[in-house]
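Asker: After the structure tokens below, expect a handful of questions from me.
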Amino acid sequence: MAGDDERIPVLDVRGVTKTFPGVIANEDVDLVLHEGEIHCLLGENGAGKSTLMNVVFGLYQPDKGSIRVRGEQVQFTGVGDAIDHGIGMVHQHFQLIPVFTVAENVILGNELTNGPFLDINEARRRIIELEDKYGLAVDPDAKVGDLSVGEQQRVEVIKALFREAEILILDEPTAVLTPGEVDEFFGVVRSLVDQGKSIIFITHKLREVLAVADRITVLRNGKVAGTADPSTATQKSLANLMVGREVVFQVAKGDAHPGDPVIKITGLRVEDVRGARTVNGLSVEVRAGEIFGVAGVEGNGQRELVEAVTGMRPKIGGTVEILGQDATKMSPRQITELGTGHIPEDRNKHGVVGAYSIADNLILNRYFKPPFARRWLRNEAAIASEAEELVAQFDVRTPGIHVAVDNLSGGNQQKVIVARELTGDVKALVVAQPTRGLDVGSIEFIHNAIIALRDKGVGVLLVSAELDEILSLSDRIGVLYRGRLVGTFDGADATREELGYLMATGAAPESEEAAS
Amino acid sequence: MSMGTDQRDLEPSGFRLKVQEAFQLQPVLVPLYAILLSFIVGGILIALIGVNPFEAYWALLRGMFGSKDNIAASVARSVPFMGSALALAFAFRAGLFNIGAEGQLLVGGVTAAWVGTWAWMTDTPAIIAIPIILLAGAFGGFMWGWVPGILRAKTGAHEVISTIMLNSIALFLVRWIVNSRDPVILRDLEASVPRTEAISDTAELPTIIDSQPPLHWGLFVMLGVCFLIAFVLKRTTFGFETITVGTNPHAARYAGMSVDRIIILAMAISGACAGIAAASEVSGTNQLFQPGTFALIGFDGIAVALLARANPIGIIPSALLWGSLLSGAPLMQQEADVSIDVVRIIQSMVLLFVAADAIVRYIFRVRGEAEAHIKASTTGWAGQ
């Protein structure tokens, strides 16, 4: 029995179960990959996608079940075995050495030698051959650190092909790419399957699945929740499979009733850690009761903008006014005390103290105020009762308020941050990448919480790399390009294409420019 | 998406909680096994030189606790280690590696002795004079900790480097203060060895047991400081800020805490802990200041604190162990002819095994991961 057709699959995973102490990461999972096929593995974070792929790639040994490669039963004891069987993996986090060239990175661990010396010329020749064959344009002599994220990803693909991979596992390959790069990457994926490679594509983005998949397997809680055919499946049906319940796609959102400006940024100039001026003369007004979305390719000044507004980074020039007060030189604490909430981009670095309990994290910015403190002393009872209340209100899934935040899932960690930043006397909210890496259920929850706050008259500055998020939440949208807002749109009128083009080029399409 | 997240998300989290509870024994388990292991290796060492290790250890044990006087002496030897260990531990909780206790003790000690020799102190009742001399010691240590704190906060100079240098500066500074005959600064000109004049009788901490060294009220002072520091860390908002800065300085800044202020204060308070221990020695043990009496107490404090995993209460048994071993060793040398250095070797091995806890975990099958902050200290520079 080899699935629904007669060919022998290139990869046949049968009944794989993998447990970790106390956790069943995969339970009785089947997966069949045919030659020249793109098989999408879809699932929320924690559904067991990565575990399954690590089993296939030889990083873990399954407790039960079998893996066949081209009909041959295999038992991998390490990554080397998997590579020998023609399996290659492109990890979500690239495993490249920035100071080495492309060619050096590609041969790393598989060095071609000529006597005692590296035969880099032979390697270059083969890399160029691969590039021509699959349409992967990268300069083999460029330093990897100088390449864009999209190019680095191509290097990872070349690395796998160089080791003669026939089966490629791509772990969330589009998470780091801009919309334009995603299209380009899909082109590469298609040319790979056209040349007979087989691909397992791991993702949690429904649009992508429908765009590239030949076959879809959905994982939920470590089990196969179902398989789907992309020609008949819809985003909604896939999401329901993934989450296990009905998912409301469009965020329900009434009209905005904007009031006075709460955040007023004029001519802001900010430098990044290396001293490069990444925000350069940016001006924007966020009014009470509206969500202003900042779209843009990452690295165009988003981080510095957010840090400057929240007082975490000094400004080189320009002014920031929050609720009518000059906040240009204020400290993070002063800005918080004005009534500003801040959901930071880097959850683990800034948002939480992982080793602390949920309760302590929920008061991280107000531990010094009554009722949480009586003069110098912490008031444990008040801290606990606040935690109980917020955990219930924000639906943080946890066995108790004294659990360390490190032990929560990303979605629940983010809910802790959101709970903290959205409660209290908040009038302005700065939000950066609020749903990065979260599952559908948590995204829905956090989006609704932000909209509810807007409806209460809070002004929200939203920065996100997810265009869908910007589009579905924002009342107005600005495109950030090289530290400046190059266009402002009404949230209802903006289209993906329009924004995407502006994000990539910093200017509106020429035809339209000529017309206007 | 890493494997870690996969596991986390899947489990009902309650499991992990139970595991954590089960691991509560852990912080104690590893040091205890490390001590056991060190004595085993030390025993082998003793056997190799042809001495029966059981006889040697029996002598050591009697030296430590064999009589009332021996017990008192053991406890007395332990008292200063509580202060020098707190000096490491408090800064440690703020993410700093203060190895300047040696210098902070010296400056605290010389300040205490100087204040103790003020003429009007002789007319001051003990109830006032003793707190004054202790506070003087704390102040000296506070200032000597404040300097590397401010250097770290304002210029980024690493506290490991600056405290090492300040140890040297303190050592030669107090030597000069106590040695110099022309001009006379604090030297007692009658004495044959360099030392200060005796402090006022009223500033002396009362002796409890007249052992060698004497057990005095400094014990209760240092126990009080241990509990006070534990309370500050656990119950006050300042303690919360300190631990937040030590655990995640980025999050601390984001939450509006002044990281610089905490760093400076944490270093200064650390110094004050060492300083008050030095004052207790000056006031209770020697009644004068002599630089040599503080040699190695600061550095041993690092070991005592790490053995206690930077827990202020844990420092108490840890210091008692350390002091008792040093106090008991001479009897082992007399009776079993095993050098005092063997005890030093055993002590060093204890710390080595605590640092390389993988060895202990492997031999004694202790499960679990090392606490991150302890790991950082023993494998890198306080997580730098």
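No value in this document is a laboratory result; all are computed from the given coordinates. As the structure is a computational prediction, the values presented were derived from the model and not from experiment. Note that we place each Cβ from the backbone using ideal geometry, even for glycine, and neighbour counts take in every protein chain shown.
Asker: Identify, please: which residue in the range A:242-251 is surrounded by fewer than 20 Cβ atoms within 10 Å (Cβ to Cβ) and touching a residue at least 60 places away in the same chain (Cβ under 8 Å) and is, among those, nearest to residue A:14 (Cα to Cα)? Quick ask: steps written out before the conclusion?
Answerer: Within the range A:242-251, the first condition is being surrounded by fewer than 20 Cβ atoms within 10 Å (Cβ to Cβ), and the residues that meet it are A:243-251.
Remaining after also requiring touching a residue at least 60 places away in the same chain (Cβ under 8 Å): A:243, A:247-248, A:250-251.
Values: A:243: 23, A:247: 30, A:248: 34, A:250: 37, A:251: 39 Å.
For the range A:242-251, the residue satisfying everything is A:243.
Asker: Which residues, taken from the range A:361-375, are within 27 Å of the chain's Cα centre (by Cα) and at the interface with chain B (Cβ under 8 Å from one of its Cβ atoms)?
Answerer: If the condition is that a residue be within 27 Å of the chain's Cα centre (by Cα) and at the interface with chain B (Cβ under 8 Å from one of its Cβ atoms), then A:364, A:365 are the ones that fit.
Asker: Within the range A:376-431, how many residues turn out to be facing chain B (nearest Cβ under 8 Å), of a type in the set (A, V, I, L, M), in contact (Cβ under 8 Å) with a residue 12 or more places away in the chain and not in a loop (DSSP other than H, G, I, E, B)?
Answerer: So the count comes out to 1.
Asker: Here is a further query. From the list A:298, A:321, pick out the single residue that is closer than 25 Å to residue A:451 by Cβ and in a loop (DSSP other than H, G, I, E, B).
Answerer: A:298
Asker: Identify, please: which residue in the range B:304-346 is free of Cβ contacts under 8 Å to residues at least 60 places away in the same chain and either among the β-branched types (Val, Ile, Thr) or assigned to a helix (DSSP H, G or I) (or both) and is, among those, surrounded by the fewest Cβ atoms within 10 Å (Cβ to Cβ)? Step through it out loud before you land on a result.
Answerer: Our first condition is that a residue be free of Cβ contacts under 8 Å to residues at least 60 places away in the same chain; within the range B:304-346, this holds for B:317, B:333, B:339-341, B:344.
Right, trim to either among the β-branched types (Val, Ile, Thr) or assigned to a helix (DSSP H, G or I) (or both) and you get B:317, B:333, B:340-341, B:344.
Values: B:317: 15, B:333: 18, B:340: 14, B:341: 10, B:344: 15.
My answer is B:341.
Asker: I've got another one for you. Please specify each residue of the range A:301-325 satisfying the condition of being within 11 Å of chain B (Cβ to nearest Cβ), without any contact (Cβ under 8 Å) to a residue 40 or more places away in the chain and in contact with a helix residue (DSSP H, G or I) (Cβ under 7 Å, 6 or more places away or on another chain).
Answerer: A:311, A:312
Asker: Read through the list (1) in contact with a Ser or Thr (Cβ under 8 Å, 6 or more places away or on another chain); (2) assigned to a strand (DSSP E or B), then give the number of the only condition that residue A:89 fails.
Answerer: With respect to (1) in contact with a Ser or Thr (Cβ under 8 Å, 6 or more places away or on another chain); (2) assigned to a strand (DSSP E or B), residue A:89 is out only on (1).
Asker: Take the residues in the range A:331-354 that are part of a loop (DSSP other than H, G, I, E, B) and surrounded by fewer than 22 Cβ atoms within 10 Å (Cβ to Cβ), then tell me which one is farthest from the other protein chains (Cβ to nearest Cβ). Break it down into steps so the answer makes sense when it comes.
Answerer: So the first thing to find is which residues in the range A:331-354 are part of a loop (DSSP other than H, G, I, E, B), and the list is A:331, A:344-346, A:352-354.
Remaining after also requiring surrounded by fewer than 22 Cβ atoms within 10 Å (Cβ to Cβ): A:331, A:345-346, A:354.
Details: A:331: 7, A:345: 11, A:346: 8, A:354: 7 Å.
Looking at residues that are part of a loop (DSSP other than H, G, I, E, B) and surrounded by fewer than 22 Cβ atoms within 10 Å (Cβ to Cβ), I get A:345.
Asker: Does residue B:163 satisfy the criteria of being out of contact with any strand residue (DSSP E or B) (no Cβ under 8 Å at 6 or more places or on another chain), closer than 30 Å to residue B:259 by Cα and surrounded by 20 or more Cβ atoms within 10 Å (Cβ to Cβ)?
Answerer: Against the criterion (out of contact with any strand residue (DSSP E or B) (no Cβ under 8 Å at 6 or more places or on another chain), closer than 30 Å to residue B:259 by Cα and surrounded by 20 or more Cβ atoms within 10 Å (Cβ to Cβ)), residue B:163 qualifies.
Asker: Another question, if that's okay. Assess whether residue A:360 counts as being closer than 25 Å to residue A:412 by Cα and surrounded by 19 or more Cβ atoms within 10 Å (Cβ to Cβ).
Answerer: So residue A:360 fits the description; yes.
Asker: Residue A:328 is checked against (1) within 11 Å of another protein chain (Cβ to nearest Cβ); (2) assigned to a loop (DSSP other than H, G, I, E, B) and fails just one. What number does that condition carry?
Answerer: (1)
Asker: Quick test for you: out of B:142, B:54, B:65, B:97, pick the one residue that is out of contact with any strand residue (DSSP E or B) (no Cβ under 6 Å at 6 or more places or on another chain), without any contact (Cβ under 8 Å) to a residue 24 or more places away in the chain and not aliphatic (A, V, I, L, M).
Answerer: Working: B:142 fails: without any contact (Cβ under 8 Å) to a residue 24 or more places away in the chain; B:65 fails: without any contact (Cβ under 8 Å) to a residue 24 or more places away in the chain; B:97 fails: without any contact (Cβ under 8 Å) to a residue 24 or more places away in the chain.
Matching residue, one of B:142, B:54, B:65, B:97: B:54.
Asker: Okay, moving on. Of all residues in the range A:158-199 being more than 10 Å from residue A:88 (Cα to Cα) and of a type in the set (Gly, Ala, Ser), which is surrounded by the most Cβ atoms within 10 Å (Cβ to Cβ)?
Answerer: Among those residues, the one meeting the criterion is A:198.
Asker: For residues in the range B:263-294 being β-branched (Val, Ile, Thr) and closer than 30 Å to residue B:154 by Cα, which is surrounded by the most Cβ atoms within 10 Å (Cβ to Cβ)?
Answerer: First, the residues of the range B:263-294 that are β-branched (Val, Ile, Thr): B:263-264, B:269, B:276, B:282, B:285, B:293.
Subset that is closer than 30 Å to residue B:154 by Cα: B:263-264, B:269, B:276.
Working: B:263: 26, B:264: 22, B:269: 24, B:276: 32.
Filtering the range B:263-294 for residues that are β-branched (Val, Ile, Thr) and closer than 30 Å to residue B:154 by Cα, the one surrounded by the most Cβ atoms within 10 Å (Cβ to Cβ) comes out as B:276.
Asker: Right, next: Inside the range B:175-203, can you point out the residues that are assigned to a loop (DSSP other than H, G, I, E, B), surrounded by fewer than 20 Cβ atoms within 10 Å (Cβ to Cβ) and polar (S, T, N, Q)?
Answerer: B:180, B:192
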